1. Which one is surrounded by the fewest Cβ atoms within 10 Å (Cβ to Cβ) among residues in the range 238-255 that are part of a loop (DSSP other than H, G, I, E, B) and in contact with a helix residue (DSSP H, G or I) (Cβ under 6 Å, 6 or more places away or on another chain)?
2. Please verify whether residue 264 is within 15 Å of residue 173 (Cα to Cα) and either of a type in the set (Phe, Trp, Tyr) or assigned by TED's automatic domain parsing to the domain that holds residue 207 (or both), treating the condition exactly as stated.
3. Taking the criterion of being at pLDDT 90 or above and more than 26 Å from residue 285 (Cα to Cα), would at least one residue in the range 37-44 satisfy it?
4. Within the range 44-66, is even one residue touching a residue at least 40 places away in the same chain (Cβ under 8 Å), aliphatic (A, V, I, L, M), on the phi > 0 side of the Ramachandran plot and buried (at least 20 other Cβ atoms within 10 Å of the Cβ)?
5. Filtering the range 256-279 down to residues that are outside any helix (DSSP H, G or I) and surrounded by 20 or more Cβ atoms within 10 Å (Cβ to Cβ), which residue is modelled with the highest pLDDT?
6. Might you let me know whether the range 228-237 holds any residue that is surrounded by 20 or more Cβ atoms within 10 Å (Cβ to Cβ), over 18 Å from the mean Cα position of the chain (by Cα) and outside the structural domain of residue 50 (by TED's automatic domain parsing)?
7. In the range 227-237, which residue that is in a helix (DSSP H, G or I) and among the polar types (S, T, N, Q) is modelled with the highest pLDDT?
Amino acid sequence: MLKCIAIPQGLNGGRFARFWEIFFKELGFSVLLAPDCDSKMIKTACRLSDPELCLPAKLYIAECNLLSGSNADAIFSPFYESADRNIKLCPKMIAINDLARLSVPDMPELLQPVIELDIDEEMFSPGSIVRSNGILPLLSAPVQKPLEAYYRAVRLSQKEWAERAKSAAKGKTIALMGHSYVLRNNHLLAAIFRTMERNQTGWLTPDSLEWSACARCYEQASIQQPVQWQSGRKILGALRYLLDRSVPDGVIYIAAFGCALDAVIEEIAREFVQGANIPYLFLMLDEHIQPSHLLVRLEAFLDICTGINRN
């Protein structure tokens with residue numbers, strides 16, 4: 001019988017990890033969240049993973065490896081799919097559980113229910129939890145009041161994220177564009193955040209905005225070929241929303257090396273920003289990146305955005 005459930009925070013887990021933590025605790029389970037990324041985890045990720053994988057996928061496998069050595073009875077790693085059949089998630093998310101099984105020795109039980117995301121709400125319904133291929137049938141134990149746990153987890157997790165997203169700009173504002181699991185990785189972006197704070201520059205990300213607003217702006221944008229990925233639509237819709245309101249003084253697109261989605265999305269984002277005639281910076285991250293390499297480019301970019309010349 002399951003008593004302790006472990007939850008990775010990488011890839012799509014970053015968006016919902018806090019929700020699942022609250023949900024399972026409300027149901028009476030012990031919950032173990034994967035720790036934040038650090039240099040040791042990056043080394044483990046490189047050792048366990050295929051070199052061709054993007055860094056977020058490598059880190060997810062490293063999280064599963066770390067959690068496999070804990071006292072958790074199972075690792076919760078759901079498969080998310082869009083309710084809109086024309087919109088897909090990243091291909092690596094589809095295969096990540098199989099990759100983790102092949103890469104991690106002594107992997108504990110893997111709970112991988114199918115969770116259907118509502119494209120209009122960027123969330124999933126209680127039905128995804130209670131239906132036959134949802135979560136509850138996998139828990140091997142009856143639970144009390146699952147719907148109450150669901151609504152409480154939704155309320156608390158969304159409130160916490162909304163409070164964090166309020167740290168937007170007082171002076172200059174930079175739009176940080178990219179996938180949620182990249183922008184929420186504090187270890188990879190620590191030097192960037194410190195530099196922007198030191199320069200008294202605020203920032204906004206796609207997660208700072210409601211999906212409905214982003215979706216409207218995406219649909220109104222002039223894109224020759226529709227983007228088939230939900231995360232790509234959120235990024236481009238958020239960027240269009242901010243540009244249409246003249247919010248950012250500059251845009252930084254942060255991508256993970258090897259991300260096939262970013263190869264397409266970043267090109268469209270670049271065209272949007274060029275049309276707005278504001279500064280644009282593209283940063284590529286991988287396991288070998290050095291903070292000093294980023295900071296030279298970032299400092300120069302912020303000088304352009306703020307008009308401050310340092311002697």
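The values are calculated or read from the model by the stated rules, or taken from the named source; none is laboratory data. This one's a predicted model, so the numbers in the text were calculated from it and none came from an experiment. Neighbour counts are summed over all protein chains in view; Cβ atoms, including those assigned to glycine, are modelled from backbone coordinates with ideal geometry.
1. This residue is 249.
2. Spelling it out, it is not the case that residue 264 is within 15 Å of residue 173 (Cα to Cα) and either of a type in the set (Phe, Trp, Tyr) or assigned by TED's automatic domain parsing to the domain that holds residue 207 (or both).
3. Looking through the range 37-44, none of the residues is at pLDDT 90 or above and more than 26 Å from residue 285 (Cα to Cα).
4. No, the conditions are met nowhere in the range 44-66.
5. Here the residue is 256.
6. no
7. Checked the range 227-237; the qualifying residue modelled with the highest pLDDT is 231.
To keep it simple, each residue is scored yes or no on (1) among the polar types (S, T, N, Q); (2) at pLDDT 75 or above.
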position	(1), (2)
64	no, yes
69	no, yes
98	no, yes
101	no, yes
123	no, no
128	yes, no
